[in-house]
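First the structure, in the form of structure tokens, and then the observations on it.
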Amino acid sequence: MEGKTVKSSQTTITELMIPSYANFGGKVHGGILLGLMDKVAYVVASKHSGDYCVTVSVDGVEFKEPVEVGDLISLAASINYVGNSSMIIGIRITSLKPKTGEEKHTNSCYFTMVAKDENGKVTTVPQLILEEEIEVRRFCDAKKLRALRFEIKKMLNREVKDLTFDEMKTMISENRCLIKI
Ligand SMILES: CC(C)(COP(=O)(O)OP(=O)(O)OC[C@H]1O[C@@H](n2cnc3c(N)ncnc32)[C@H](O)[C@@H]1OP(=O)(O)O)[C@@H](O)C(=O)NCCC(=O)NCCS
């Protein structure tokens, strides 16, 4: 299977935040932005793999500041890493207020997508051709992110699943919760 470059699947989408995207507070719903992230991640993953892809996990999504109706949101996405069937897509989100020209980098996040064949089975994706030092750096970052994610999963399975009820009570004794069992 031949490799593909990062550039061959790079995608940016820009969307105007319209009034129907707003919540009761007049700001844009977080779910609208998540939907756009998922969409652009899908575009990049399906361009790279040439297959149908599914979203497996999301890392680094934060909503630090509200997005307003009228803002232009741009999502620049590129493939940072490929495993066997999985791909990590990095998304850089910026918001622009067209009236003032004020532009902000709102968030960077990472979507892990997996390619599937026509029978719904996971399938191998082309390797990634890295043409610039920044692409090598991103590949290394994503490899670390993936390892960390598996480590956290293992840690939760090991360290919390094995706690007794009394140990759990001690662990959260100073937190803001009341156990009423
Ligand atoms: C994604 C899915 C195919 C993984 O199934 P699985 O039995 O764990 O398959 P595998 O173990 O072969 O894993 C496939 C790849 O996913 C990766 N993966 C699995 N779980 C993961 C997770 N939680 N986070 C990151 N990557 C994950 C594996 O590392 C593997 O990557 P690799 O092939 O590059 O090494 C399966 O969980 C699935 O279909 N999930 C539903 C996805 C979906 O429908 N998303 C839309 C939600 S509405």
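If you go through the stretch 1-36 and keep only what is in contact (Cβ under 8 Å) with a residue 60 or more places away in the chain, closer than 25 Å to Ile129 by Cβ and assigned to a helix (DSSP H, G or I), you end up with Lys7, Ser9.
Going by the structure shown, is Met87 touching a helix residue (DSSP H, G or I) at 6+ places or on another chain (Cβ under 8 Å) and either over 28 Å from Gly26 (Cα atoms) or loosely packed, with under 15 Cβ neighbours inside 10 Å (or both)? Yes, satisfied.
What do you reckon, is Lys153 modelled with pLDDT under 95, closer than 30 Å to Lys180 by Cα and within 16 Å of the ligand (Cβ to nearest atom)?
yes
Return yes or no: is Val44 within 13 Å of the chain's Cα centre (by Cα) and surrounded by 15 or more Cβ atoms within 10 Å (Cβ to Cβ)? For Val44, the condition - within 13 Å of the chain's Cα centre (by Cα) and surrounded by 15 or more Cβ atoms within 10 Å (Cβ to Cβ) - is met. Taking residues in the stretch 84-101 that are closer than 13 Å to Ile73 by Cα, and partners anywhere that are of a type in the set (Asp, Glu) and in a strand (DSSP E or B), the pairs with Cβ atoms closer than 9 Å and at least 6 places apart or on different chains are Thr94/Glu103; Ser95/Glu68; Ser95/Glu102; Ser95/Glu103; Leu96/Glu102; Leu96/Glu103; Lys97/Glu68; Lys97/Glu103.
Arg149 passes all but one of (1) more than 19 Å from Val56 (Cβ to Cβ); (2) part of a helix (DSSP H, G or I); which number fails? Here Arg149 clears every test but (1).
Restricting Asn119, Asn107, Asn80, Asn175 to those that are within 23 Å of Gly35 (Cα to Cα) and at pLDDT 95 or above reduces the list to Asn80. Each residue in the stretch 47-80 was checked for being among the hydroxyl-bearing types (Ser, Thr, Tyr), buried (at least 16 other Cβ atoms within 10 Å of the Cβ) and more than 13 Å from the chain's Cα centre (by Cα), and 2 pass. Of all residue pairs spaced 6 or more apart or on separate chains, those with beta-carbon atoms under 8 Å, a first member in the stretch 118-133 that is within 11 Å of Val82 (Cα to Cα) and a second member that is polar (S, T, N, Q) and within 16 Å of the ligand (Cβ to nearest atom) are Thr124/Asn84; Thr124/Ser85; Val125/Ser49; Val125/Asn84; Val125/Ser85; Val125/Ser86; Pro126/Ser49. Condition test on Asp141, is it part of a helix (DSSP H, G or I), touching a strand residue (DSSP E or B) at 6+ places or on another chain (Cβ under 9 Å), among the acidic types (Asp, Glu) and at pLDDT 95 or above? Yes, satisfied.
Answer yes if at least one residue in the stretch 53-63 is β-branched (Val, Ile, Thr), in contact with a Phe, Trp or Tyr (Cβ under 8 Å, 6 or more places away or on another chain) and within 16 Å of the ligand (Cβ to nearest atom), and no otherwise. For the stretch 53-63, residues β-branched (Val, Ile, Thr), in contact with a Phe, Trp or Tyr (Cβ under 8 Å, 6 or more places away or on another chain) and within 16 Å of the ligand (Cβ to nearest atom): present.
The values are calculated or read from the model by the stated rules, or taken from the named source; none is laboratory data. Source: prediction; values computed, not measured. Glycine gets a Cβ as well: all are built from the backbone with ideal geometry, and neighbour counts include every protein chain shown.
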